[in-house]
Amino acid sequence: MKLILTLGFMLILNLGFSQNVIEWSPEYKLKLTDFKSPETEINNQLSGYTLFPGTNIDFSFQMSSYAFMFKKNFNDKVSTTFNRDLGAIIAPDSTIANQLVEFGQYSFDLTELYSRKFRKEIYENKGAFSDISFYQPILKKLQLEMDAENSRMLKSTEFGKDLELLKIEHKKVLLEIESFADFCKECKPPKKRKK
């Protein structure tokens, strides 16, 4: 009986937590109400503003060494997520808050782009005898690139205040996501043809 109660409680906790994590999809657009961190605040007493996007590249898998040796496609093991409990917006008014939401969406899409680049790199670099940690330098390199791009855009758009520039750069990211169509989470990359 205790086991049933414990499992039921864990299931309820897991369902509650998973509702606060949004997995990237081309249809979902972030809203101000998605930024549920206790730090989120819109207050005209504030002179500055900031954004913590709450986006992440998640990579996890469980398999035997034997299964790992023969697995090539890890697309379904890499996820782009937005955590509502971590996403935070601090702004003096709703106009600036909504600009920050636009930047948050840009950041979410940029994270998906780098997730696809990561899936592609794993697919192209995983060999039959690769060490289980082979992906770590790849992820580190791409994370640094993504962070640099995000910082560049924060500076050049003044945290999204330059909406025109943000829209132009956002379109570029969306087009680049399309160019990695074979590396969406549900996709199977085409096999290389032998010559």
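The values are calculated or read from the model by the stated rules, or taken from the named source; none is laboratory data. All of these numbers come straight from a predicted model, not from anything done at the bench. Here Cβ is always computed from backbone atoms with ideal geometry, including for glycine, and neighbour counts include all displayed protein chains. The accessibility values were calculated without ligands, DNA or RNA, using every heavy atom of the protein model including side chains. Shrake-Rupley method; radii C 1.70, N 1.55, O 1.52, S 1.80 Å.
Just one of the numbered conditions (1) within 23 Å of PRO189 (Cα to Cα); (2) free of Cβ contacts under 8 Å to residues at least 24 places away in the same chain is not true of LEU142; which one?
So the condition that LEU142 fails would be (2).
Residue by residue through the stretch 89-125, note down the ones that are outside any helix (DSSP H, G or I) and open to solvent by 10 Å² or more (accessible area, probe 1.4 Å).
Our first condition is that a residue be outside any helix (DSSP H, G or I); within the stretch 89-125, this holds for 89-93.
The answer is ILE90, PRO92, ASP93.
Name the single residue, out of those in the stretch 150-186 being in a loop (DSSP other than H, G, I, E, B) and within 17 Å of the chain's Cα centre (by Cα), that is surrounded by the most Cβ atoms within 10 Å (Cβ to Cβ).
Taking the stretch 150-186 and keeping what is in a loop (DSSP other than H, G, I, E, B), we get 157-162, 180, 184-186.
This time we only want the ones that are within 17 Å of the chain's Cα centre (by Cα), so: 180, 184-186.
Values: PHE180: 18, CYS184: 20, LYS185: 17, GLU186: 6.
Restricting to residues being in a loop (DSSP other than H, G, I, E, B) and within 17 Å of the chain's Cα centre (by Cα), the top hit is CYS184.
Kindly evaluate LEU139 against the criterion of being among the aliphatic types (A, V, I, L, M) and within 20 Å of LEU100 (Cβ to Cβ). Walk me through it before giving the result.
Working: among the aliphatic types (A, V, I, L, M): yes; within 20 Å of LEU100 (Cβ to Cβ): no.
So LEU139 fails the test.
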